[in-house]
Amino acid sequence: MKRIFILIVLQALLFITANLFAQYPVNNDGKSPFVQVVKDIRESVVNIKVEYEVEFGGASQFDDFFKYFFPDQNRVPQSKPKKRTSANMGSGFIFKQKGREVFIITNNHVAEKGKKGEITVTLADKAKYIAEIVGLDSETDLAVIKITVDKGEKITIAPLGDSDSLEIGDWAIAIGNPFGQLSLERTVTVGVISATGRANLHFGADSPIYQDYIQTDAAINPGNSGGPLLNIHGEVIGVNAAITSTSGGNVGIGFAIPVNITKKVVNDLVESGKVQRAYLGILPQEIDSDIQKSMKLEKVAGVLVAKVEKDTPAQKSGLKKGDVILKFNNKEVPNVAKFRLVVANTPIGQSVPMKVIRNKKEKTLYVKLITRSNDLASTDSNDQMIEEEEWLGINVEGLKGDFAKNNDINEDHGVVIMKISNDSPAEKSDLQIGDIILEINNHVVKNISSYQKFAKEAKSSKESIILFYVKSRNGNFRFVPVNVDN
């Protein structure tokens, strides 16, 4: 009996051990498949050093101020600004070769200082070459640089994969040069895909406009920027670009630009030195649960058209303010970030379909996009009145009143919010003091009188959500739902 028990325990242990090891990727020889990926790709990764001059010292920032107010005062002559050399360190990887010309993908924030400085690329064999910028794209934070290698220089090209096929939980392998000053070239880290489609992230004043990041817990640190993020097959699925950290180092939250976005950008940069993007001509707005309820949409998805610009493809297609775009060029647009990318990458000059909801009915419009360039008057005397009675915690004034004049508010119709009460439905919404209310529940607000009329109608309607259309003080147009029950 005891012998049978021991055999059962051994079988159980063997079963558990087999399943435990089955959870980890191993080849038939017992080695990790990461080993072969690294062997195949590691030498395509390069070290990038950008050296440039910065000025410091010199005249005081207040010198002009004192010269203006005290012109007769003798002042000690200020020294000329001094210069010193500064350096950025980053990573990149080779994706193309034409004869002796070798093309490298990196981040814009790694390479941009090279416009007025010098970029040095170090290959895996320690050979160093001076690089030139092929093209920069700050809107995605991508760049292409190139070097001309010596005859006989061995070059490894990293194959580009398909980031659209990624699933959360897939293996992710990052290769780069963290903390470049420590000479930790071609460090390999492994993790998984933590999320896809990350957008609206803020990485400082130069945050990219087009965001659709892959999130990974593969360790990414300063200096890894521009290096490749790979799948288990050794294909590039992203360009490592940023981290979120309270310490400045890796905490398991890194971001990479999907390779499917990268492909178009780098091809445009190689061909013409700049990226061609399509232009529609609307101001898009996110749809949240309150907007969904107020517009009686089936789900929180799509993009709300907050404004249609004049003489644009959007206007010519028949698109109208208040439409909800569900699909563009047969692609789902779940949010504004995805919508911007889909529009920007749509073929220019071709007629493409837009699936929209208008007045609770679906319809399809067709639009031909163009290349994006880089670069009801009211005389009612009541317009100067102030609406003293609060509604939803809002006090408004006509556009000829003192608040509008003192704050340089110029608009041909509407009323301006001059006060929002604490702990009111308006305060709990996205309405702001200085917003110009242009519409209430799709009714045009011309002046105080029409505001009072539509406010009264909204009160009697018993609607739980009131939809405002406003122009903010920075010039943006947007829909703002206000929950009456808040």
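The values are calculated or read from the model by the stated rules, or taken from the named source; none is laboratory data. Worth saying up front: this structure is predicted, and the values here are computed from it rather than measured. Don't worry about glycine lacking a Cβ; one is built from the backbone with ideal geometry, like all the others, and counts go over all protein chains shown.
Considered as a group, the residues in segment 344-356 that are of a type in the set (A, V, I, L, M, F, W, C) and modelled with pLDDT of 95 or more include one that is farthest from LEU283 (Cα to Cα), and that residue is VAL352. Out of LEU365, LEU341, one residue alone is modelled with pLDDT of 90 or more and in a strand (DSSP E or B). It is LEU365. Restricting attention to segment 39-49 and to residues that are assigned to a helix (DSSP H, G or I) and in contact with a Leu (Cβ under 9 Å, 6 or more places away or on another chain), the residue that is surrounded by the most Cβ atoms within 10 Å (Cβ to Cβ) turns out to be ILE41.
In segment 253-302, which residues are of a type in the set (Gly, Ala, Ser) and surrounded by fewer than 17 Cβ atoms within 10 Å (Cβ to Cβ)? Correct list: SER272, GLY273, SER289, ALA301. Looking at (1) at pLDDT 95 or above; (2) part of a helix (DSSP H, G or I), can you tell me which one ASP164 breaks? It is condition (1) that ASP164 fails.
Evaluated against (1) hydrophobic (A, V, I, L, M, F, W, C); (2) over 28 Å from LEU297 (Cα atoms); (3) surrounded by fewer than 18 Cβ atoms within 10 Å (Cβ to Cβ), VAL444 falls short on exactly one condition, (2). Do we find a residue being within 17 Å of GLN285 (Cβ to Cβ), in contact with a Ser or Thr (Cβ under 8 Å, 6 or more places away or on another chain) and in the same structural domain as GLU390 (by TED's automatic domain parsing) anywhere in segment 451-463? Among the residues of segment 451-463, not one is within 17 Å of GLN285 (Cβ to Cβ), in contact with a Ser or Thr (Cβ under 8 Å, 6 or more places away or on another chain) and in the same structural domain as GLU390 (by TED's automatic domain parsing), which makes the answer no. Just for segment 401-423: of the residues that are of a type in the set (D, E, K, R) and at pLDDT below 75, which one is farthest from LYS471 (Cα to Cα)? Filtering segment 401-423 for residues that are of a type in the set (D, E, K, R) and at pLDDT below 75, the one farthest from LYS471 (Cα to Cα) comes out as ASP402.
The criterion of at least 2 residues that are under 30 Å from ASN441 (Cα atoms) is met by the following helices (runs of 4 or more DSSP H) wholly inside segment 232-323: 289-294, 313-317. The set of residues from segment 203-221 being under 12 Å from PHE255 (Cα atoms) and in a loop (DSSP other than H, G, I, E, B) comprises PHE203, GLN211, ASP212, ASP217, ALA218, ALA219, ILE220, ASN221.
Criterion applied to ASP125, ASP150 was being outside any helix (DSSP H, G or I) and over 14 Å from ASN47 (Cα atoms), and the one residue passing it is ASP150.
Among the residues of segment 209-231, the ones that are at pLDDT 95 or above and among the aliphatic types (A, V, I, L, M) come to 3 in all.
In segment 240-251 there is at least one residue matching the filter, namely being closer than 18 Å to VAL38 by Cβ, within 15 Å of the chain's Cα centre (by Cα) and modelled with pLDDT of 90 or more. Entry remark, segment 23-42: residues being within 16 Å of ALA172 (Cα to Cα) and at pLDDT 65 or above number 13 in total. For segment 464-471, the condition of being at pLDDT 85 or above, more than 33 Å from the chain's Cα centre (by Cα) and either assigned to a loop (DSSP other than H, G, I, E, B) or buried (at least 18 other Cβ atoms within 10 Å of the Cβ) (or both) holds for at least one residue. Of the residues in segment 191-198, at least one is over 19 Å from ALA344 (Cβ atoms) and either buried (at least 22 other Cβ atoms within 10 Å of the Cβ) or in contact with a Lys or Arg (Cβ under 6 Å, 6 or more places away or on another chain) (or both).
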